[in-house]
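A.B. asks: Take a look at the following structure, please.
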Amino acid sequence: MMQTRSPRDRVDGVPRGASEYMEWAKTRSHARFNLASSGVAAFPLADLGARIEDLEICGDSGYGYGPLQERLARKAGVDPGRVVHAIGTSMANFLVLAATAGPGDEVLIEEPTYSLLVDAARWLRLDVRRFPRRADEGFRLDPREVERAVTPRTRLVVLTNLHNPSSAFIPPEDLRVVGDAARSVGARVLVDEVYLESLAVLGRPSGSAVHLGPEFVVTSSLTKAYGLSGLRCGWAVADPDLARRMWRLNDLFGVNPAHPAERLSVFALDHLPRIAARARRNLEANADGANAFLAARPDLACSPVDGGMIAFPRLLRGDVEALCRRLRDRHETTVVPGRFFGAPDHFRLALGCAPETLEGGLERLARALDETD
Ligand SMILES: Cc1ncc(COP(=O)(O)O)c(C=O)c1O
């Protein structure tokens with residue numbers, strides 16, 4: 001007989017082993033003017049320039065497909081033995097969580113954050129504690145909050161840089177304070193850097209946290225800043241022992257990625273400047289448009305976008321859920337309701353789309369803000 005879920009399978013009202021946000025993203029975020037999806041618009045295969053001879057169905061992936069390992073290591077500025085290729089940043093994050101902490105171990109996760117990080121940690125039955133990044137401080141990371149939250153039981157501190165949902169940047173001096181706090185109790189720091197790639201795309205590369213010390217583990221992918229989500233080319237960079245543990249753990253899941261995707265990822269990494277140039281045009285045009293829009297709206301409070309690809313305005317009057325409903329039902333436009341970040345008076349606006357999509361979406365957002373139910 002089929003087992004039904006018991007109420008104990010819910011944590012804070014959310015089912016364990018599921019993501020409310022991802023279900024919403026997959027079933028409710030699609031719209032003509034999609035300002036919900038956070039990556040730059042998809043890069044078409046036809047524009048990549050790869051030939052059929054560049055691909056192969058099967059290959060020697062083992063613990064990493066050599067040519068891909070080599071390129072990812074070069075990109076990260078580390079030895080290939082520190083790189084774990086994974087199915088997107090998503091799987092890389094999961095592997096880091098699962099390889100650094102076990103059931104009952106304490107993990108400290110920023111709040112708000114990308115909810116999948118919390119959902120994955122809860123699925124692993126980790127003891128999830130949160131520390132705040134405050135709206136009235138532009139969601140800047142205050143490293144003293146981490147110092148205060150760390151205990152001898154802490155195994156891992158989890159951050160996003162740039163921050164999802166606000167795009168706030170964590171400077172290296174603040175990361176160092178977090179690293180010192182973690183090291184003092186033998187913990188590690190996971191920094192999800194998937195949005196940091198947008199600074200590289202804009203020609204303002206910022207060093208990865210992985211160079212700040214052995215306690216840092218970083219994850220990223222080609223998804224967000226390059227429009228290459230479908231390649232599922234993610235990675236984690238860690239010390240060699242932890243990297244080996246993650247590879248072994250990965251054997252319990254997909255074993256190997258799809259080899260044609262590995263080959264295409266190698267090709268994409270060899271042509272990254274050309275792919276980045278297109279993303280850069282979109283991001284530059286869209287940041288100006290979005291900042292002008294946000295500055296002109298007295299009903300929204302938001303720090304200007306500076307190098308990021310998402311913004312997280314606070315709605316000063318009215319109800320965000322009603323606004324999102326009006327936008328979707330009357331104006332063919334979607335944004336992400338702040339409830340998915342535990343901030344119900346905010347919504348997340350994505351700037352990676354084609355400039356005409358952003359322009360059309362912002363026009364409609366203005367109309368929806370001016371309307372009432
Ligand atoms: C912070 C963060 N990490 C990871 C991901 C997933 O990225 P990927 O497509 O590389 O799995 C997202 C997607 O929204 C994200 O916001």
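The values are calculated or read from the model by the stated rules, or taken from the named source; none is laboratory data. Everything numeric here is computed off the predicted structure, so don't read it as measured data. We place every Cβ from the backbone using ideal geometry, glycine too, and count neighbours over all the protein chains shown. Surface accessibility is based on the protein's heavy atoms, side chains included, excluding ligands, DNA and RNA. Shrake-Rupley method; radii C 1.70, N 1.55, O 1.52, S 1.80 Å.
A.B. asks: Could you identify which residue out of P304, P143, P260 has the top mean-square fluctuation in a GNM of the chain using Cα springs shorter than 10 Å?
C.D. replies: The residue with the greatest mean-square fluctuation here is P260.
A.B. asks: Another question, then. Going by amide H atoms built from the backbone, whose H comes under 5 Å of the H on F139, apart from near neighbours?
C.D. replies: Those lying under 5 Å, H to H, from F139 are R134.
A.B. asks: Assign unit charges at the C-beta atoms only (+1 for Lys and Arg, -1 for Asp and Glu), then state the dipole size of the chain relative to its Cα centre in Debye, rounded to the nearest 20.
C.D. replies: For the chain, the charge dipole is close to 480 debye.
A.B. asks: Please report the accessible area of W247 (heavy atoms, 1.4 Å probe, ligands and nucleic acids excluded) in Å², nearest 10.
C.D. replies: 30
A.B. asks: Moving on to the next point. Mean residue ellipticity at 222 nm from the helices of the chain, using -39,500 (n - 2.57) per DSSP H segment of n ≥ 4 over the full residue count, to the nearest 500 deg cm²/dmol?
C.D. replies: So the helix-based figure for the chain works out to -12000 deg cm²/dmol.
A.B. asks: Given 0.36 nm per residue, what is the gain on full extension from E23 to R129 after removing their alpha carbon distance, in nm?
C.D. replies: Fully extending the segment from E23 to R129 adds 35.8 nm.
A.B. asks: Please find, in a Gaussian network model of the chain (springs between Cα atoms separated by less than 10 Å), the residue of R140, R153, R280 whose mean-square fluctuation is greatest.
C.D. replies: R153
A.B. asks: Long-range amide H contacts for V218: which residues qualify at under 5 Å (H placed 1.01 Å from N, peptide plane, sequence gap of 5 or more or a different chain)?
C.D. replies: It is V191, V237, by chain and number.
A.B. asks: Moving on. Report, to one decimal in Å, the Kirkwood hydrodynamic radius for the stretch 146-258 based on all distinct Cα pairs.
C.D. replies: Mean inverse Cα-Cα distance, inverted, gives 15.1 Å.
A.B. asks: I would also like to ask the following. In terms of modelled amide H atoms, which long-range or inter-chain residues lie less than 5 Å from the amide H of E106?
C.D. replies: Amide H neighbours of E106: D127, R155.
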